[in-house]
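Since the structure comes first, as structure tokens, the remarks are kept for the end.
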Amino acid sequence: MLLNLKNILVTGGAGFIGSNFIRLFLEKHRDVDLINLDKLTYAGNLESLRDVESDPHYHFYRGDITDAAFVRRLFNEWHFDAVINFAAESHVDRSILGPQVFIDTNVRGTMTLLEAAREFGLERFLQVSTDEVYGSLGPAGKFTETTHISPNSPYSASKASADLLVRGWEKTFNLPTMITRCSNNYGPYQFPEKFIPLMVINALQNKELPIYGDGLNVRDWIYVEDHCEAIDDVLYKGKIGEVYNIGGGNEVQNIHMAKLILNKLGKTESLLKYVKDRPGHDRRYAMDSTKIEVELGWKPRHSFEQGINETIKWYVENEKWWRRIISGEYQNYYKLQYEER
Ligand code: NAD
Ligand code: TDX
């Protein structure tokens, strides 16, 4: 029987994956209230949720997951049946420029939510984690759920720390937790600091496309909707205490991806610019998703060709969305990150 979840706290719902999740979930489940708690950092954008903001089952609160008093008040008001924790600082390069906020939000924020969940009780606590906690692969093999945790950046170290806290709260306090670890997402509403939107937007503006190192690093790309469907499956059908890997099965070298985007937009490869490598740059990620496929019946529904075409089309058609972002505070980050690289 399907779990009867009435009120679900979604943290970080104004970000890339959270906003896609909220849209998809509200379409699929018409008898559940989603409460979106988001701090609206540089990465949070309510414009990504315009089409759902008047839905009676959607409720927004601006707040910080590290603010224990605020989080307790929210739990007290709603008595959540489930928490899905998307809220995080999510960009590796920013974690190299300044790790503190990554520890605050990703580690302390997760603990604050775990503590509130423990105090008030709930049916499910789903931690949205990442393949990056496993570290880096050589040319062969894939990450499974039993691969050793070996993070290589402040970002992935903070996410791995959060995963360990989630495990500890399950084992010690019997909190009904689950962890999903997903590979690189792409799709609509992704903040343009991330590789695919950055390449698309720079190409559209005839700006250089910065390629770190030799460009041969490999990422396993998954269309964001497929990740969101996997989270929905794990929430309702997953087993307590388990980790589920989620991958797209699409391994692509960065340089190949950049060339493909240029080609699809009819732009010249002379826009490619090799720049200094990212410190600690993981060489290759690839996910083995056998567990979620066999146990929960999930499979990605979008082919890479379909997903990348839809994504490029979305950025072409939604110039207003990204123009507003790149004309603001983001300019300062872009200068800091790329000017002397
Ligand atoms: P994002 O940066 O687009 O969004 C993060 C959201 O969290 C933003 O809306 C931001 O305002 C909010 N937030 C940040 N700090 C907060 C705080 N202290 N309190 C409340 N809200 C806060 O990130 P994303 O790409 O949507 O990633 C969502 C989650 O998925 C993250 O946990 C990330 O680690 C994980 N993940 C991402 C990917 C990917 O490819 N993007 C892959 C695997 C896992
Ligand atoms: O300008 C760039 N040039 C470049 O070559 C940028 C921004 C990135 N890259 C490379 C670095 C990576 O090999 O592209 C690849 C992808 O980079 P990001 O988009 O920064 O993603 P990554 O570091 O792989 O991390 C992402 O996937 C896992 C998300 O940002 C994380 O939140 C998620 O956990």
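The values are calculated or read from the model by the stated rules, or taken from the named source; none is laboratory data. Every value quoted in this text rests on a predicted model; they were computed, and no experiment measured them. Because the Cβ atoms are built from the backbone with ideal geometry, glycine has one as well, and the counts that use them run over all protein chains shown.
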Go through segment 225-242 and give me each residue that's aliphatic (A, V, I, L, M) and either in contact with a Phe, Trp or Tyr (Cβ under 7 Å, 6 or more places away or on another chain) or within 16 Å of ligand 1 (Cβ to nearest atom) (or both). ALA230, ILE231, VAL234, LEU235
What about PHE25, is it surrounded by fewer than 24 Cβ atoms within 10 Å (Cβ to Cβ) and either touching a residue at least 24 places away in the same chain (Cβ under 8 Å) or not aliphatic (A, V, I, L, M) (or both)? yes
If you go through segment 105-155 one residue at a time, how many are touching a residue at least 40 places away in the same chain (Cβ under 8 Å), polar (S, T, N, Q) and closer than 21 Å to ILE292 by Cβ? 4
How many residues are out of contact with any helix residue (DSSP H, G or I) (no Cβ under 7 Å at 6 or more places or on another chain) and either within 14 Å of ligand 2 (Cβ to nearest atom) or of a type in the set (A, V, I, L, M) (or both) if we restrict to segment 170-192? 1
If I ask for residues that are assigned to a strand (DSSP E or B) and of a type in the set (D, E, K, R), which ones from segment 255-294 would you list? LYS273, ARG284
Within segment 199-224, how many residues are within 13 Å of ligand 1 (Cβ to nearest atom) and either assigned to a helix (DSSP H, G or I) or farther than 19 Å from GLU132 by Cβ (or both)? 1
Per the filter on segment 129-169, residues within 12 Å of ligand 2 (Cβ to nearest atom), closer than 23 Å to GLY109 by Cβ and in a loop (DSSP other than H, G, I, E, B) are PRO151, ASN152, SER153
For segment 119-168, what are the residues that are over 18 Å from CYS182 (Cβ atoms), away from ligand 1 (no atom under 14 Å from the Cβ) and surrounded by 20 or more Cβ atoms within 10 Å (Cβ to Cβ)? LEU122
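Residue by residue, here is whether (1) within 16 Å of ligand 2 (Cβ to nearest atom); (2) polar (S, T, N, Q); (3) touching an Asp or Glu at 6+ places or on another chain (Cβ under 7 Å); (4) modelled with pLDDT of 95 or more holds:
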{"site": "ASP51", "(1), (2), (3), (4)": "no, no, no, yes"}
{"site": "SER54", "(1), (2), (3), (4)": "no, yes, no, yes"}
{"site": "ARG62", "(1), (2), (3), (4)": "no, no, yes, yes"}
{"site": "ASP81", "(1), (2), (3), (4)": "no, no, yes, yes"}
{"site": "ALA88", "(1), (2), (3), (4)": "yes, no, no, yes"}
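Is it true that some residue in segment 157-164 is hydrophobic (A, V, I, L, M, F, W, C) and in contact with a His (Cβ under 7 Å, 6 or more places away or on another chain)? Lay out the reasoning, then the answer.
Start the filter on segment 157-164 by keeping residues that are hydrophobic (A, V, I, L, M, F, W, C), which leaves 157, 160, 162, 164.
Applying the additional criterion that residues be in contact with a His (Cβ under 7 Å, 6 or more places away or on another chain) yields none.
No, every residue in segment 157-164 fails to be hydrophobic (A, V, I, L, M, F, W, C) and in contact with a His (Cβ under 7 Å, 6 or more places away or on another chain).
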Please tell me if PHE75 is crowded, with 18+ Cβ neighbours inside 10 Å and either at pLDDT below 95 or more than 22 Å from the chain's Cα centre (by Cα) (or both). yes
List, please: which pairs have Cβ atoms under 8 Å, are six or more places apart or on different chains, and start with a residue in segment 29-46 that is in contact (Cβ under 8 Å) with a residue 12 or more places away in the chain and on the phi > 0 side of the Ramachandran plot and end with one that is near ligand 1 (Cβ under 9 Å from one of its atoms) and in a loop (DSSP other than H, G, I, E, B)? LEU40/ALA14
Assess whether THR268 counts as being surrounded by 18 or more Cβ atoms within 10 Å (Cβ to Cβ), at pLDDT 95 or above and more than 15 Å from ligand 2 (Cβ to nearest atom). no
Do you know which residues across segment 44-71 are among the hydrophobic types (A, V, I, L, M, F, W, C) and surrounded by fewer than 14 Cβ atoms within 10 Å (Cβ to Cβ)? ALA69
Out of curiosity, is ASN254 of a type outside the set (D, E, K, R) and out of contact with any strand residue (DSSP E or B) (no Cβ under 9 Å at 6 or more places or on another chain)? no
Failed item, numbered, when SER54 is tested on (1) over 15 Å from the mean Cα position of the chain (by Cα); (2) among the small types (Gly, Ala, Ser); (3) not in a loop (DSSP other than H, G, I, E, B): (3)
I'd like the residue in segment 74-104 that is touching a residue at least 24 places away in the same chain (Cβ under 8 Å) and among the polar types (S, T, N, Q) and, out of all such residues, is nearest to ligand 1 (Cβ to nearest atom). SER90
Total residues in segment 4-45, condition among the β-branched types (Val, Ile, Thr), within 9 Å of ligand 1 (Cβ to nearest atom) and over 13 Å from ASN85 (Cβ atoms): 1
